Amino acid sequence: MDADDEVRVAAFAERLVLGWGRDFHHAPLAAAIDDLYHDLIAFPPAWPEHRRRAFTADAADTAASELITLLDDHLDTTTHIGTEKPSKGVDRGNVSAGLRMLAKSYLDWHLTDLLPSQVADHCTDPGRGENSMTVCSPTRRP
């Protein structure tokens with residue numbers, strides 16, 4: 001990712017934390033991540049738009065579920081929600097900074113490591129070519 005992409009991911013993480021518990025439930029979070037992924041993932045030129053959208057939608061749905069769990073667990077641990085004696089004087093700034101760091105790290109990992117390797121795995125030639133109907137057409141036969 002270049003510097004502009006890093007800024008965009010950091011801004012997304014900031015928006016996510018500021019709207020946590022209000023604006024971002026699973027569906028809107030998945031849609032926002034889908035847009036981010038679609039703009040930032042480098043897809044092979046041979047992939048048509050519908051294939052790119054299907055890939056990012058699936059990855060965004062998984063990411064939304066994982067981020068919700070990750071951030072909620074961090075909040076529960078940090079603020080001791082659900083215990084008989086909740087923490088007093090929890091510094092909201094530190095909690096927000098922790099959430100922002102977790103969200104940004106998670107998205108950075110997805111965009112720099114996980115998703116590019118998944119795209120590469122999907123591009124592995126199974127022996128018939130990327131567009132097998134074109135590869136097997138009568139004009140391509142000997």
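The values are calculated or read from the model by the stated rules, or taken from the named source; none is laboratory data. What you see is a predicted model; the values in this text were computed from it and never measured. Glycine also receives a Cβ, built like all others from the backbone with ideal geometry; neighbour counts cover every protein chain displayed. Just so you know, the surface numbers come from the protein's heavy atoms only, side chains and all, with ligands and any DNA or RNA stripped out. Shrake-Rupley method; radii C 1.70, N 1.55, O 1.52, S 1.80 Å.
Overview of values
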{"quantity": "Most to least packed among 29-42, 48-61 [average Cβ atoms within 10 Å]", "calculated": "29-42, 48-61"}
{"quantity": "Accessible-area value, H25, 1.4 Å probe, nucleic acids and ligands omitted, Å²", "calculated": "110 Å²"}
{"quantity": "Modelled FRET efficiency - R0 35 Å, D58 with S96, Cβ distances, 0.05 increments", "calculated": "0.75"}
{"quantity": "Rh by Kirkwood over Cα pairs, then Stokes-Einstein D for segment 8-86 at 0.890 mPa s and 25 °C, µm²/s", "calculated": "175 µm²/s"}
